[in-house]
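**Q** Before I ask anything, let me first share the structure, which is written out below as structure tokens.
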Amino acid sequence: MSTALERKLNKAKPPLLKALRLKDAGFDIHVVSNREMEKIRRTLMAREDFRGREARKIASEDVVSVLAFPEPPSFPHPASSEKMLGEVYLNRDFAAPGSLLGARARASTAERYATLGPLLVHGLLHLLGYRHFTKRDTMKMKKQEKRLWDLISS
């Protein structure tokens, strides 16, 4: 069963993909609890092949708000013309009432979307290869994030 927030996030996928000129592409969105996100982080950190800048960044964050996992090129899928880009995991507790952000006791779906929507855009851009290791990369990514968020937040 999906929540109103999950439905709203999923409705943002088609306009995002269209704005990025990605025909016949898709990605999955998973809205998980902070507890689940921490479990994913611990699993990642335990992997021998998960090292480098991205690993250090994720390890240093107090709260992981978004994780993106690109689809492996040879991952088998049922017959489909859609190219799977990967999966974006969003921490629902990052925007929940009384949350890690200290949100008001009764945050609306719109308020939660205003917090998780930009993180969805951020995660999607990571699926497409965007990074923020250098100042130039960060500026390029932020410009795309603003353009895309403006598109789906209106």
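**Q** Roughly how many debye, to the nearest 20, is the charge dipole of the chain about its Cα centre, given +1 on each Lys and Arg Cβ, -1 on each Asp and Glu Cβ, and no other charges? Don't skip to the end; give the middle numbers.
**A** Details: 29 positive and 18 negative charges, 116 e Å.
Roughly 560 debye for the chain.
**Q** Something else now. Taking the Cα atoms of region 4-153, what is the range of coordinates along each of the three principal axes, in descending order and whole Å?
**A** 44, 37, 36
**Q** Kindly put H126, H30, H77 in sequence by how many other C-beta atoms sit within 10 Å of each C-beta, fewest to most. Don't jump to the answer; show the numbers that get you there.
**A** Details: H126 21, H30 15, H77 9.
Least to most surrounded, the residues fall as H77, H30, H126.
**Q** If you don't mind, another one. Distance in nm between label sites at S108 and L20, each 7 Å beyond Cα in the beta-carbon direction?
**A** The modelled label-to-label distance comes out at 2.9 nm.
**Q** If you don't mind, another one. Run the simple label-point estimate for F75 and R41 please: 7 Å along Cα→C-beta, distance reported in nm.
**A** 2.2 nm
**Q** What's the extension gain from K83 to A59 if we count 0.36 nm per residue and subtract their Cα-Cα distance?
**A** Values: separation 24, 0.36 × 24 = 8.64 nm, distance 3.04 nm.
Length gained, K83 through A59: 5.6 nm.
All of the numbers you see were taken from the coordinates with simple rules; none came from a lab. In this text the structure is predicted, and so the values were computed from the model without any measurement. Virtual Cβ from ideal backbone geometry, glycine too; neighbours counted across all protein chains shown.
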